[in-house]
Amino acid sequence: MVLKPPPLATYRLLLEFDGSRFQGWQKQGPKQSREGIRTVAGSIEHVLHEAGLRLVYLGGAGRTDSGVHALGQVAHLHLEAREAPRPGELRRILDSALPQDIAIRDVRSCPPRFHSRHDAQDRTYLYQISRRRSAFGKPWIWWVKRNLDLNRLSQAWLAFEGDQDVSAFADLDAEEDGRARIFQCEMAEAGALILLRVRATHFFRRQVRRMVGASVACALGEEEPRRVREDLGNPTEAANLFWGAKAAPASGLFLEAVRYPGDPEPGPVRPTLLIP
């Protein structure tokens, strides 16, 4: 006799988190709790288990690296429908027990087929560079101690726009194709902060950090913006190793938003932590 799977209650979550003390989004397997590996997904699963809810699946739109933050991570959650809470009650359960560096912004019911990663139309990342030392903002910025040429920074950053092969600027698996459509690269200033935003169909591991690192290297006069354009047009293994060593730290990087069909486009670039 074939057993039917239990009926499911399905939810779409919107959350933010400070990634400083997390080893990324994705749960690291059954040994995670024993080895003290702290992940965002693992923390959510722990709260659901403690509340007596039967978890079937939890998936995120972006698998953020260790130390990377999120302002608008989207996740899809499947619970066994028996005694599953309404969205408002589920949010209350999560809010009451999650650690202080994770905050639930919204919980709503969604169709069972909704998949936060596969259904996403595009994703937006924001990076914060500080031109001064901050007593409060260190976990959320990259303090660049030397003077930055903003014209050269802009030239290098804008070079990434378009249909690109970013193989020289990402960690790829052997079977991965490094092509992505980068819709928009923006730069803005807010006091001592320089804000870099990028929106694309998808991103590869450490891609944004390498893009930022390459742009800062150009702004410091260590490299020329034309080298960025050349390595986009003709990526090599040597270029991948070179830009890998230039990657910006995780501290300044935020998954800002994940957009789905029908969602509005992002508004003006805004800092997450304003440093006068």
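Evaluating R91 against the criteria (1) of a type outside the set (A, V, I, L, M); (2) closer than 16 Å to T39 by Cβ; (3) not in a strand (DSSP E or B) leaves one unmet condition, (2). Q207 satisfies every condition listed in (1) buried (at least 16 other Cβ atoms within 10 Å of the Cβ); (2) at pLDDT below 95 except (2).
Working carefully through the options A81, A61, A103, find the one that is surrounded by fewer than 20 Cβ atoms within 10 Å (Cβ to Cβ) and closer than 22 Å to W140 by Cβ. If you could, list the steps in order and put the result at the bottom.
Values: A81 fails: closer than 22 Å to W140 by Cβ; A61 fails: surrounded by fewer than 20 Cβ atoms within 10 Å (Cβ to Cβ).
Of A81, A61, A103, the one residue that is surrounded by fewer than 20 Cβ atoms within 10 Å (Cβ to Cβ) and closer than 22 Å to W140 by Cβ is A103.
Restricting segment 168-191 to residues that are in contact with a Leu (Cβ under 9 Å, 6 or more places away or on another chain) and small (G, A, S), the residue that is surrounded by the fewest Cβ atoms within 10 Å (Cβ to Cβ) is G191.
Taking segment 203-247 as the range and being of a type in the set (D, E, K, R) and out of contact with any strand residue (DSSP E or B) (no Cβ under 8 Å at 6 or more places or on another chain) as the test, the residues that pass are R210, E222, E223, E224, R226, R227, R229, E230, D231, E237, K246. Of all residues in segment 214-230, exactly one satisfies the criterion of being out of contact with any Lys or Arg (no Cβ under 9 Å at 6 or more places or on another chain) and surrounded by 23 or more Cβ atoms within 10 Å (Cβ to Cβ), namely V228. Scanning segment 107-124 for residues that are of a type outside the set (G, A, S), in contact (Cβ under 8 Å) with a residue 24 or more places away in the chain and within 19 Å of Y57 (Cβ to Cβ) gives V107, R108, C110, P111, P112, F114, H115, R117, D119.
Tally the residues that are of a type outside the set (A, V, I, L, M), more than 15 Å from T64 (Cα to Cα) and crowded, with 16+ Cβ neighbours inside 10 Å, restricting the search to segment 245-276.
Taking segment 245-276 and keeping what is of a type outside the set (A, V, I, L, M), we get 246, 249, 251-252, 254, 256, 259-268, 270-272, 276.
Now restrict to residues that are more than 15 Å from T64 (Cα to Cα): 246, 259-268, 270-272, 276.
Keeping just the survivors that are crowded, with 16+ Cβ neighbours inside 10 Å gives 246, 259, 266, 271-272.
The qualifying residues number 5.
Exactly one residue among R210, R197 is part of a helix (DSSP H, G or I) and of a type in the set (D, E, K, R), and that residue is R210.
Scanning segment 47-58 for residues that are surrounded by 17 or more Cβ atoms within 10 Å (Cβ to Cβ) and more than 11 Å from W25 (Cβ to Cβ) gives V47, L48, L53. Scanning segment 252-268 for residues that are at pLDDT 95 or above and either among the small types (G, A, S) or farther than 16 Å from L14 by Cβ (or both) turns up G252, L253, A257.
Of the strands (runs of 3 or more DSSP E) lying entirely inside segment 96-194, those carrying at least 3 residues that are among the hydrophobic types (A, V, I, L, M, F, W, C) and at pLDDT 95 or above are 102-109, 179-190.
Report yes if some residue within segment 109-129 is in contact with a helix residue (DSSP H, G or I) (Cβ under 7 Å, 6 or more places away or on another chain), surrounded by fewer than 17 Cβ atoms within 10 Å (Cβ to Cβ) and not acidic (D, E); otherwise report no.
Taking segment 109-129 and keeping what is in contact with a helix residue (DSSP H, G or I) (Cβ under 7 Å, 6 or more places away or on another chain), we get 109, 125, 127-129.
From what is left, the residues that are surrounded by fewer than 17 Cβ atoms within 10 Å (Cβ to Cβ) are 109.
With the extra rule that they be not acidic (D, E), the set shrinks to 109.
Yes, segment 109-129 contains at least one residue that is in contact with a helix residue (DSSP H, G or I) (Cβ under 7 Å, 6 or more places away or on another chain), surrounded by fewer than 17 Cβ atoms within 10 Å (Cβ to Cβ) and not acidic (D, E).
The values are calculated or read from the model by the stated rules, or taken from the named source; none is laboratory data. Since the model is a prediction, treat every value here as computed from it, not as a measurement. Ideal geometry is used to build each Cβ from the backbone, glycine not excepted, and the neighbour counts take in all protein chains shown.
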